[in-house]
Amino acid sequence: MLKKNFPAEVKEENGKLTLSYGAFSRLAVWVDKKKMCVDSESGKGAADDVILDTNRRYRVFLEEATGYTAKERLAKAKKDVQGA
């Protein structure tokens, strides 16, 4: 799904899939205990259109990868925090 949503080279580093695209200087995705984890680093000075494109692609990727909309992911995150 990373390759589908981000036209960039995807590398594997220590069990994490990583790429650099648009406003992301680095995006890493991995699975830990059946949960998808994401770590991102934003580059500085990206143009507004690049930021908007990167953000749109990221939202689509997250929805396709998890099967949940942004609203549903927020509700699950809140539930996980309250249960911890």
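We did not get these values from a lab; they are worked out from the coordinates using the rules stated. Predicted, not measured: the structure shown is a model, and the values here were computed from it. Neighbour counts run over all protein chains shown; Cβ positions are idealised from the backbone, glycine included.
With +1 on each Lys and Arg Cβ and -1 on each Asp and Glu Cβ, how big is the dipole of the chain about its Cα centre, in debye rounded to the nearest 20?
Working: 17 positive and 13 negative charges, 81 e Å.
Approximately 400 debye in magnitude.
From Cα coordinates alone, what are the radius of gyration and Dmax values for region 38-84 in angstrom?
Rg and Dmax of region 38-84, Cα atoms, are 13.5, 40 Å.
Do the sum for the chain: with -39,500 (n - 2.57) for every DSSP H run of n ≥ 4, divided by all residues, what is the mean residue ellipticity at 222 nm, to the nearest 500 deg cm²/dmol?
Values: 3 runs with 37 residues, N = 84.
So the calculated ellipticity at 222 nm is -14000 deg cm²/dmol.
With a 10 Å Cβ neighbour count serving as the proxy for reagent exposure, in which order, fewest first, do Met1, Met36 appear?
Fewest to most other Cβ atoms nearby, the residues stand as Met36, Met1.
Where in region 7-64 are there GluC sites (Glu not before Pro) that are in a DSSP coil and have at most 15 other Cβ atoms within 10 angstrom of their Cβ?
Numbers: sites: Glu9, Glu12, Glu13, Glu41, Glu63, Glu64; in loops: Glu9.
Hits after loop and neighbour filter: Glu9.
Considering only Cα-Cα distances, which of the following residue pairs are longer than 23 Å: Lys34/Lys78; Lys44/Lys79; Lys35/Lys79; Lys35/Lys71; Lys3/Lys76?
On the way: Lys34/Lys78 18 Å; Lys44/Lys79 33 Å; Lys35/Lys79 14 Å; Lys35/Lys71 17 Å; Lys3/Lys76 26 Å.
Going by Cα-Cα distance, Lys44/Lys79; Lys3/Lys76 fall outside the 23 Å limit.
Under a 5 Å amide H to amide H cut-off, with H placed in plane at 1.01 Å, what residues pair with Ser42 once short-range neighbours are removed?
Correct list: Ser25.
Taking the dipole about the Cα centre of the chain, with the C-beta of Lys and Arg at +1 and of Asp and Glu at -1, give me whichever of Gly67, Ala46, Gly83 is farthest to the positive side.
Gly83
What is the Cα coordinate range of region 2-83 on the first, second and third principal axes, sorted by size from largest, in whole angstrom?
38, 30, 22
If we count other beta carbons within 10 Å of each Cβ, what is the order of Thr54, Thr66, fewest first? The partial results should precede the final answer.
On the way: Thr54 20, Thr66 14.
Ascending number of Cβ neighbours within 10 Å: Thr66, Thr54.
DSSP loop trypsin sites (Lys or Arg not before Pro) in the chain with at most 12 other Cβ atoms within 10 Å of their Cβ, which ones? Walk me through the intermediate numbers first.
On the way: sites: Lys3, Lys4, Lys11, Lys16, Arg26, Lys33, Lys34, Lys35, Lys44, Arg56, Arg57, Arg59, Lys71, Arg73, Lys76, Lys78, Lys79; in loops: Lys33, Lys34, Lys44.
Qualifying residues, ordered by number: Lys33, Lys34, Lys44.
Relative to the longest principal axis of the C-alpha atoms of the chain, give the angle of the C-alpha long axis of helix 70-83, reported between 0 and 90° and rounded to the nearest 10°.
So the helix axis and the longest Cα principal axis differ by about 50 degrees.
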